[in-house]
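In what follows, a single structure is set out as structure tokens and then discussed.
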Amino acid sequence: MKKFYFALFIFCYVFSFAQVTFSLGVRGGANFSHFNQGNGYQDYFYYHEDTHSYEEVQASYKFKNRTDFYIGVFGNVRLTKFYALQPEFNYSRQGSKVESEGRYDRDEYKISYFGTQLVNKFYYKNFNVLIGPTIDVVVEKDFNSSYDFDLGITAGAGYDITKNLGVEARIKHGFLHTINNYQGKHANVVFQAGIYYTINLKK
């Protein structure tokens with residue numbers, strides 16, 4: 001117990017001298033999203049009018065990137081020179097395109113989320129790398145998804161062009177299956193490329 005109180009004292013002592021700053025910001029850019037495990041087959045019955053009979057046919061398909069956008073706001077708590085904790089709230093339009101050989105019941109899936117992310121950012125000069133968990137809630141979709149929410153992880157890197165403006169690239173991977181039926185079990189995979197702008201506030 002003494003060691004715990006000693007460690008707590010050291011942490012509070014160091015933290016009290018840290019140059020903690022807080023800034024608000026906005027972020028936005030392009031989404032390139034698809035469902036993982038992208039190859040599969042779908043069975044369907046084809047009706048022959050000449051013989052008035054059905055034939056079971058198998059169509060192959062692949063999930064491909066669908067392009068859309070994301071936008072969000074964040075608060076950046078800079079705890080040290082090299083580390084910041086950045087809670088975020090984002091609106092993200094995702095989904096997947098479908099490329100098929102033969103007959104398939106659709107050529108695109110659309111799904112949109114409102115979510116929050118708790119991003120850990122590590123800085124070195126103008127560069128930063130980030131990683132954190134994500135929680136997303138479905139707000140719009142054009143198909144019956146397996147769940148009305150998603151849990152995942154995001155990781156990426158960024159570069160501060162100026163004190164306030166920067167560019168970043170991220171990848172976000174969902175843990176839950178967005179589709180879980182005859183197509184198989186497929187989760188969200190999203191690559192994001194965009195910009196962010198921060199407004200520095202006083203300590």
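The values are calculated or read from the model by the stated rules, or taken from the named source; none is laboratory data. Just so it is clear, the structure is predicted and the values come from calculations on it, not from any experiment. Cβ: placed from backbone, ideal geometry, glycine included. Neighbour counts: every protein chain shown.
Of all the residues that make up segment 53-83, how many are modelled with pLDDT under 80 and either charged (D, E, K, R) or not in a strand (DSSP E or B) (or both)? Lay out the reasoning, then the answer.
In the first step, residues of segment 53-83 are kept if they are modelled with pLDDT under 80; the result is 53-61.
In the following step, the residues that additionally are either charged (D, E, K, R) or not in a strand (DSSP E or B) (or both) were identified as 55-56.
Residues flagged as modelled with pLDDT under 80 and either charged (D, E, K, R) or not in a strand (DSSP E or B) (or both) within segment 53-83 amount to 2.
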Condition met for Lys62 (basic (Lys, Arg), surrounded by fewer than 20 Cβ atoms within 10 Å (Cβ to Cβ) and closer than 25 Å to Asn128 by Cβ)
no
